[in-house]
Amino acid sequence: MFINVAAYKFAPFEGLPELREQLRSTCAAHQLKGTIMVSPEGINLCVAGERRGIDALLAHLQGVPGLEDLSWKESVSAKQPFRRMLVKIKKEIIAFGIDGIAPAQKTSAKVSARLLKQWIDQGRKLTLLDTRNDYEIRMGTFRGAIPIGVSHFRDFPEATRRLSAQLKEETLVMFCTGGIRCEKAGPFMEAAGFQNVFQLDGGILKYFEECGGAHYEGDCFVFDRRVCVDSQLRETDAAVCYCCQMPVTPQEQVDPRYVVGVSCPFCAPRPASAPAG
């Protein structure tokens, strides 16, 4: 059994080359695999391995100044979901490209998973905004949520301009996989005039952990070989097309256009129309 951990923290960092080498050494010593990104604005990681190794990595991280209160989300898998271990230095730990957005200094108000479920149970008037990419959303989302409509998070600022102006005065709860995208999306939307913005603390994965699948339809796309997890954080039978990288549901895998390693219903050539008689 492999323990999968996902975590991020916005905090000012210095000495990034030294930190990268320390993390590489710790992960290599414990046969961990996944990705860790460090930048001047913080850290973002998805790593899997045996319990002992994961605990060693987390203990090391919490010893880094600024990461003492690092929190994380866990799930388990029967197989190692990552192929290799990468530790990268990046400009941003989540690409956004907008100057002046500094989550270490300011984020939108957070709403816990349990409180969001309570609000929905009570029928509180609110709008759920899915900040993820379209290909992620098609695998599952909260019932009634509005998709932001992007293929990459860098397109988020432009996509907000297409939202109804009426939303600027409504209660808006945004969410993503683990919460990190909302850390930047929330302050941006507030600066754009949205007056009552909340972000789901810990994202969908934390919601699954604490509330299961209540008010959620489908699965949650994850960026590793599991492809998707269900509301119990278990790996599903979803696949990814080798050709176009589109996630494919079990139902879509029985389509004759789905050929493992070759094509899927989204990228296979469509049959030519029969000539008119």
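The values are calculated or read from the model by the stated rules, or taken from the named source; none is laboratory data. In this text, all values refer to a predicted model and were calculated from it rather than measured experimentally. Glycine also receives a Cβ, built like all others from the backbone with ideal geometry; neighbour counts cover every protein chain displayed.
Determine, yes or no, whether residue 100 is assigned to a loop (DSSP other than H, G, I, E, B), surrounded by fewer than 15 Cβ atoms within 10 Å (Cβ to Cβ) and not aromatic (Phe, Trp, Tyr).
yes
Return yes or no: is residue 194 at pLDDT 95 or above, under 23 Å from residue 3 (Cβ atoms) and in contact with a strand residue (DSSP E or B) (Cβ under 7 Å, 6 or more places away or on another chain)?
No.
Of the residues 116, 70, 58, 45, which single one is part of a loop (DSSP other than H, G, I, E, B) and either crowded, with 17+ Cβ neighbours inside 10 Å or in contact (Cβ under 8 Å) with a residue 12 or more places away in the chain (or both)? Please lay out each step first, then the result.
Details: 116 fails: part of a loop (DSSP other than H, G, I, E, B); 58 fails: part of a loop (DSSP other than H, G, I, E, B); 45 fails: part of a loop (DSSP other than H, G, I, E, B).
Every option except 70 fails the conditions.
Mind checking which residues of region 1-34 are assigned to a loop (DSSP other than H, G, I, E, B) and not polar (S, T, N, Q)?
Of the residues in region 1-34, the ones assigned to a loop (DSSP other than H, G, I, E, B) are 1, 11-15, 30-32.
Across region 1-34, the qualifying residues are 1, 11, 12, 13, 14, 15, 30, 32.
Tell me whether region 120-130 contains one or more residues that are crowded, with 16+ Cβ neighbours inside 10 Å and part of a helix (DSSP H, G or I). Walk me through how you get there before you give the answer.
So the first thing to find is which residues in region 120-130 are crowded, with 16+ Cβ neighbours inside 10 Å, and the list is 120, 126-130.
This time we only want the ones that are part of a helix (DSSP H, G or I), so: 120.
For region 120-130, residues crowded, with 16+ Cβ neighbours inside 10 Å and part of a helix (DSSP H, G or I): present.
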